[in-house]
Every structure is written in structure tokens, then in C-alpha cells.
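Working notes, structure below.
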Amino acid sequence: GQNIDQPTEMTATEGAIVQINCTYQTSGFNGLFWYQQHAGEAPTFLSYNVLDGLEEKGRFSSFLSRSKGYSYLLLKELQMKDSASYLCAVRLVNDYKLSFGAGTTVTVRA
Amino acid sequence: GAVVSQHPSRVICKSGTSVKIECRSLDFQATTMFWYRQFPKQSLMLMATSNEGSKATYEQGVEKDKFLINHASLTLSTLTVTSAHPEDSSFYICSATSGGANEQFFGPGTRLTVL
């Protein structure tokens with residue numbers, strides 16, 4: 001199986017920046033995804049990294065280091081609506097399946 | 001973007017009954033669909049992978065005779081929870097992908113409550 005670790009909870013202030021780390025141990029890595037999930041809803045896609053480096057998409061950025069088995073999701077200019085669970089998921093080579101981390105609950109406070 | 005629907009969104013049933021959940025890809029052909037289960041405050045746990053026209057592949061620990069999956073067409077997969085019990089109460093989410101695509105597109109989920 002795969003070990004995917006991310007912090008359980010994080011709290012930040014509106015307008016601030018929060019970085020959610022994800023570490024993984026897998027065999028045959030083929031991409032890392034970040035999803036956002038609001039309570040009682042399905043996950044929505046945020047980002048995908050398969051090569052090392054930073055992918056920026058508006059207020060959200062995701063970074064990957066394959067040699068370190070490490071990724072982070074950076075949320076800038078936090079808004080109240082960003083309060084949600086953020087899921088890190090890893091895909092293996094020749095396999096469309098995703099293995100999800102337990103998720104990080106981010107609470108944005110005014 | 002690609003849209004995946006699920007029906008019903010919420011179901012309450014008595015213990016011992018069977019419940020069918022439908023997952024449809026509305027604007028693309030889904031060669032592969034996935035079924036997940038999520039308990040409160042936990043992450044998504046993959047139950048099975050479903051390919052059109054073939055038998056589903058179940059993850060370890062998931063009873064294939066209890067969770068029947070049918071993927072009869074490129075736009076529809078169904079999950080039937082047979083003889084449901086209260087411990088089967090959960091949030092069931094499907095996702096779909098087309099061949100070669102990076103992304104899985106998730107349905108809105110089905111909240112199952114077994115009394």
C-alpha cells in the first residue's frame with residue numbers, strides 16, 4: 001500500500017497564507033493530486049503535479065519534489081469559503097486508481 | 001468540465017433491504033469508474049474499480065457479494081448495497097475517467113443511512 005501523510009487540521013486568518021504539506025511513500029509514482037472537499041460534498045479538483053516544481057493556479061499553488069516524496073498546497077489570500085478539507089492523493093504508474101491521504105481540515109477565521 | 005451525476009443524493013432504508021446507487025457521466029464516455037466510501041471525518045476509501053463491460057476489481061476487504069457493481073455502458077455504473085446494515089451507513093462517491101485522462105471527475109455523492 002501507500003503511506004500518505006498530511007496534517008489533520010490547520011487554522012488561519014482571512015487574507016493570510018496557509019501551506020498544507022503532504023508526504024508519501026509509494027512504489028511507481030505517477031502523479032499527485034490535490035482536491036478540495038466541503039462538508040457533505042464531493043471532492044473538487046484543485047491541482048495535479050507529475051514533474052518536480054511549482055504549479056500556480058490563481059490563489060492556489062502546488063509543489064512537488066519526487067525525490068523527497070513531498071508536496072505542498074499553498075493557499076493565498078485566504079477567504080472564508082476556503083474553509084474545507086484538502087485531500088492529497090497519489091496515483092501509481094499504469095494505474096488510474098488514487099490513494100487518498102486522510103485530509104487536512106482548514107478553518108479560516110475572520 | 002466533465003460532469004458526473006449520482007442518484008439518489010440521499011437515501012434512508014431499513015436494515016436488510018438493498019439500495020442501488022447510479023453514477024452517470026453526462027458529457028463524456030467513462031471507460032473507468034471508481035466507487036469510494038467515506039465515513040465522517042475520514043478520507044475517501046476506494047472500494048472498487050469498474051471498467052465498462054467487465055467485472056469490477058474490488059479492493060482488499062470489500063465484499064464483492066455485498067457491494068454489487070455493474071458498468072453496463074460507457075456512461076453508467078451502478079453500485080448495489082445488498083442486505084444493508086447500519087454499519088453500511090456512509091457517504092458513497094463515484095468518480096469517472098476517460099482513457100488517458102489525468103483527472104478523475106467526482107459525482108456529488110450519495111448519503112446512505114440504514115436504520
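Rolling a 1.4 Å probe over the heavy atoms of the protein chains gives chain B an accessible area of 49 Å² per residue. Separation of the alpha carbons by more than 30 angstrom is noted, of A:K57/B:K64; A:K81/B:K66; A:K68/A:K97; A:K68/B:K64; A:K57/B:K20, for A:K57/B:K64; A:K81/B:K66; A:K68/B:K64; A:K57/B:K20.
Using a ≥ b ≥ c from the Cα gyration tensor of region B:32-93 (square roots of the eigenvalues), is it rounded, prolate or oblate, where a/c under 1.5 gives rounded and otherwise the larger of a/b and b/c decides, a/b for prolate? Prolate, because a/c is 1.5 or more and a/b exceeds b/c.
For a bin width of 10 Å, list the pair-distance distribution of the protein assembly as shown built from all Cα-Cα distances, rounded to whole %. Cα pair-distance distribution for the protein assembly as shown, in percent: 8, 32, 35, 20, 5, 0. Sites counted here are trypsin sites (Lys or Arg not before Pro) in a DSSP loop (not H, G, I, E or B) having no more than 11 other Cβ atoms within 10 Å; the longest part of chain B that contains none of them is B:42-115. Coupling constants for region B:71-87 follow from the phi torsions by the Karplus curve (6.51 cos²θ - 1.76 cosθ + 1.60, θ = phi - 60°), and in residue order they are 10, 7, 9, 6, 10, 9, 10, 10, 10, 10, 8, 8, 6, 5, 10, x, 5 Hz; glycine and proline get x.
The relative contact order of chain B, computed from alpha carbon pairs under 8 Å that lie at least 6 residues apart in sequence, is 37 percent. Dipole check for chain B: with +1 at the C-beta of Lys and Arg, -1 at the C-beta of Asp and Glu, and the Cα centre as origin, the magnitude is about 300 Debye. Of the beta bridges in chain B, as assigned by DSSP with both residues counted there, near 90 percent are antiparallel. For chain A, a crude dipole built from +1 on the beta carbon of Lys and Arg and -1 on the beta carbon of Asp and Glu, taken about the Cα centre, is about 100 debye to the nearest 20. Whole angstrom only: what separates the Cα centroid of region B:35-68 from the Cα centroid of region A:34-106? Measuring centre to centre over Cα atoms gives 22 Å.
Could you work out the Kirkwood radius for chain B, taking every pair of different alpha carbons, averaging 1/r and inverting it, reported in Å? The Cα-based Kirkwood calculation yields 14.0 Å.
Ordering A:Y48, A:Q19, A:Q37 by Cα displacement along the dipole of region A:1-68 toward the positive end leaves A:Y48 in first place; charges were set at the Cβ atoms of Lys, Arg (+1) and Asp, Glu (-1).
The values are calculated or read from the model by the stated rules, or taken from the named source; none is laboratory data. On a predicted model such as this, the values are computed, not experimentally measured, just so you know. Quick reminder, even Gly has a Cβ in these numbers, built from the backbone with ideal geometry, and neighbours come from all protein chains shown. These accessible areas exclude ligands, DNA and RNA; they are computed on the full protein's heavy atoms, side chains included. Shrake-Rupley method; radii C 1.70, N 1.55, O 1.52, S 1.80 Å.
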